[in-house]
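Here, each number is a calculation from the coordinates, and none is a lab measurement. As the structure is a computational prediction, the values presented were derived from the model and not from experiment. All Cβ positions, glycine included, derive from the backbone under ideal geometry; neighbour counts span all protein chains shown.
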Amino acid sequence: MDQLFNRRYIIQGLFILIALILLGKLFYMQVASDKYFLDANNNALRKLYVYPARGIILDRNQKVLVQNQPTYDLLVTPNQVKPFDTLSLCKIIGIDIVTFREKLRKAVVYSRSRASILQKLLSIETYAALQEKMPNYRGFYVQKRTIRYYPDSIASQFLGYVREVTPMDLEKYEGYYKSGDDIGKSGLEKQYEEILRGTKGVSHMLYNNRNIQQGKYADGKLDSLAISGEQLTTTIDIGIQKLGEQLLANKVGSVVAIEPSTGEILAFVSSPGYDPNKMIGKETSKNYAELNQNPYRPLTIRPISGRYSPGSAFKPLDALIALQDGVIDPSTTFFCPGYYQSGNRKVKCEHVDLNTNLRWGLSRSCNTYFFSIFAKMMNKNGVRNQRLAYEEWQKKVRKFGIGDTLGIDFPGEKAFKLYRKADYDRMYKNRWNNNTVLSVAIGQGEITTTPLQMANIMAIIANRGYYIKPHVVKGVGNNQPIDKKYTEKYYVDIDAKHFEPVIDGMQDAVNTPTGTAVESRLQNIIMCGKTGTVQNAQNGGKNHSVFIGFAPRENPKIAIAVIIENGGYGGVYAAPIASFIAEKYLTDTLSGRRINGSTAEMYMADNLMPTLKNKATKSTFKKDGTTKADSIKKFNSTAILQKPTASKSKK
């Protein structure tokens, strides 16, 4: 009996337990969970990403360089798509049936159950038309985002561009990006991607069986807000950036200007350039392909990757090392008969300068003088030790930032070669001397630099012996400090007393009638500089025009390097262009030049682009880096003027 009694209670307990489980499940289905509610009412819960506005980019004076404008993307979840009028949707979004089917196929390959972008960059008008008919397109929905806009259409290589993520990007960033998202691919957009992109938000939205949005799920309690990207304040001055691009219209070259006391880059010009607005919108891929195929290489960022011999612009640096070594003093003279001869080697000088000291040698850019001081530095420890002397010399040159990168906060900086002793030993099998490498004395041969490095050399001389790493961002967000390495001083180990005699010569180069840069003389401002004429071995064309300088002499505000390919003597193009930029920055005005009456508009109008040998290519591309169908009104707003005959100043 007891066993029967116990068995009855066990059975009753099991029934009660089962009943409780069923009641709990029923409560969960009807109250605690809305899964069955959604199914019962043919509702759909979608997890939508809310894209943040990308951080805007400003110049040093808070003027907008890059901002955002709204756009919309059409997304599709393939397994939710029901039969619909395909043609009507194609008409609204502006694509044909074949394109639509290919896009839908790619969406299926990506995922049948996850949403992906079918068509990007829909206008507000297209979005409005879609909203009215969304009930007809099950499985499709629209997502808002912003795209970049460049109000002044300048600084394209500096600012960079954003493009759709690649599979490699998706893997690298481990889940932050989804297929169809954009990411910075060059310039500042790439360097500061994680600061500019912001943080995505998430919105859980309910849609009914007619694909109409019903509101937020759980009153938005599970949603998260999008956080906009941080604002970037750059070091660029929009006024001289724009002027630099106008002056280099229809020319190949670069301008880099630096504030010596801070290392802040004031102008970053690479020519030919392109309209950065061409890198947004539906034609982005087409425009990118055209730019990439353009033989004038408008996508090349010449300030940090252009490879140029400094030419005679190297001479001030050479003079400083010679003074520090004690092999010369400011009054040391060498005789210049119009050439330099050492053994059987004879090298032409542009002038017959006769007895030449440091100041005259710099102002006249006398090759003989600088060949002579280089020979003295190489022989200071005896003829047998010339190669060791060269090794010591090149180490001193490297302290000025040549032969390595400077560490700018910008992607893609190049470090070109400055030969060491070991390089020459391999090249000449240990059979070389100072005559073999003589060309490096005047910045030719096995020494190449970037425009950024040349401008930095001028910042060093302007500061009388040190530089601060060049950088392009002045502030992030609400006064977040920049990296400390961009505030430290880097000394080149040249005594301050040696800079004044070198600067004397550079002052005379600009401000005396016999100087090689006399066409860059400014009214009421003492500008100091050095011209360079660089052999153009790459295509056997006209020499490159080079100028480096700073202004004013005391308490310098701007150091600048200008390179104009195929521009000839440094005093003809590079020096005047540099002076217009310096004048604009220091006075916010532009005046004519007293020597030949030339104006900035005249230099803007000149076309120095090299002629392309391929006739088919010539007919396709214009010399400003745009395609034939593109407008060039950006740079040609001024009338084409007849430029006066240039002064005979050289180098």
With +1 on the Cβ of every Lys and Arg and -1 on the Cβ of every Asp and Glu, the dipole magnitude of the stretch 46-232 about its Cα centre, in debye rounded to the nearest 20, is 600 debye
Descending packing, highest mean Cβ count within 10 Å first, for 410-417, 178-185, 464-471, 266-273 is 266-273, 464-471, 178-185, 410-417
Rounded to one decimal in nm, the spacing of the 7 Å Cα→Cβ label points at residue 417 and residue 588 is 4.9 nm
FRET efficiency for residue 91 and residue 607 from the Cβ-Cβ distance with R0 = 45 Å, rounded to 0.05, comes out at 0.50
Once residue 380 and residue 166 are pulled to full extension, the length gained, defined as 0.36 nm per residue separation minus their Cα-Cα distance, is 71.3 nm
For the stretch 270-322 the trypsin sites (Lys or Arg not before Pro) that pass both the DSSP coil test and the at-most-15 other-Cβ-within-10 Å test are 282, 307
Taking Cα atoms only, helix 574-587 is inclined relative to the longest principal axis of the chain by an angle, in degrees rounded to 10, of 70 degrees
Checked against the structure, the computed P(r) over Cα pairs in 20 Å bins from 0, in percent among [x] 19, 54, 26, 1; [y] 17, 40, 24, 12, 5, 2, 0; [z] 14, 35, 38, 12, 0 is the one labelled [y]
When the charge dipole of the chain is computed with +1 at the Cβ of Lys and Arg and -1 at the Cβ of Asp and Glu, the Cα pointing farthest to the positive end, of 340, 167, 393, is that of 167
Most exposed to least, judged by fewest other Cβ atoms within 10 Å, 350, 290 sort to 350, 290
Taking a crude spin-label model, label points 7 Å out from Cα along the C-beta direction, the residue 487 to residue 108 distance in nm is 5.9 nm
Log10 I(q)/I(0) at q = 0.11, 0.19, 0.25, 0.26 Å⁻¹ for the stretch 422-487, from Debye over equal alpha-carbon scatterers, is -0.50, -0.87, -1.07, -1.10
Cβ-Cβ cut-off under 14 Å around residue 166, Lys and Arg +1, Asp and Glu -1: the net charge is -1
Summing +1 per Lys or Arg and -1 per Asp or Glu among the other residues with Cβ less than 15 Å from residue 389's Cβ gives +3
Ordered by fewest other Cβ atoms within 10 Å, a rough proxy for footprinting exposure, 168, 602, 378, 527 read 168, 602, 378, 527
In whole angstrom, largest first, the equivalent ellipsoid semi-axes that the Cα gyration tensor gives for the stretch 46-232 are 30, 19, 17
Extension length gain for residue 22 and residue 555 (0.36 nm per residue less Cα distance), in nm, is 183.2 nm
A correct fewest-to-most ranking of 393, 360 by other Cβ atoms within 10 Å would be 360, 393
Surpassing 19 Å at the alpha-carbon level, of the pairs 469/557; 82/178; 251/278; 120/286, are 82/178; 251/278
The farthest towards the positive end of the charge dipole of the stretch 228-295, of the residues 241, 266, 281, given +1 on Cβ of Lys and Arg and -1 on Cβ of Asp and Glu, is 281
Charge tally for neighbours of residue 424 with beta carbon under 11 Å away, counting Lys, Arg as +1 and Asp, Glu as -1, is +2
By the Cα gyration tensor axes a ≥ b ≥ c (a/c under 1.5 gives rounded; else a/b larger than b/c gives prolate, otherwise oblate), the shape of the stretch 276-412 is prolate
Among the stretch 454-474, those whose backbone N falls under 12 Å of a label point 7 Å along Cα→Cβ from residue 262 are 471-474
Placing each pseudo-label 7 Å from Cα in the direction of the beta carbon, residue 98 and residue 347 end up separated by a distance in nanometres of 6.3 nm
Helix-only [θ] at 222 nm, the chain, -39500 (n - 2.57) per DSSP H run of 4+, per residue, nearest 500, equals -9500 deg cm²/dmol
Note, the stretch 327-341: 3J(HN,Hα) by Karplus (6.51, -1.76, 1.60, θ = phi - 60°), whole Hz, Gly/Pro = x, goes 7, 9, 10, x, 9, 4, 10, 10, 8, 10, x, x, 7, 10, 10
Here the Cα Rg-to-2.2 N^0.38 Å ratio for the stretch 514-580 is 1.13
For the chain, longest principal axis from Cα atoms; helix 315-325 axis from its Cα atoms; angle between them, nearest 10 degrees, is 70 degrees
For the chain, the charge dipole (Cβ of Lys, Arg +1; Cβ of Asp, Glu -1; about the Cα centre) points to a positive end, and the Cα of 600, 308, 503 closest to that extreme belongs to 308
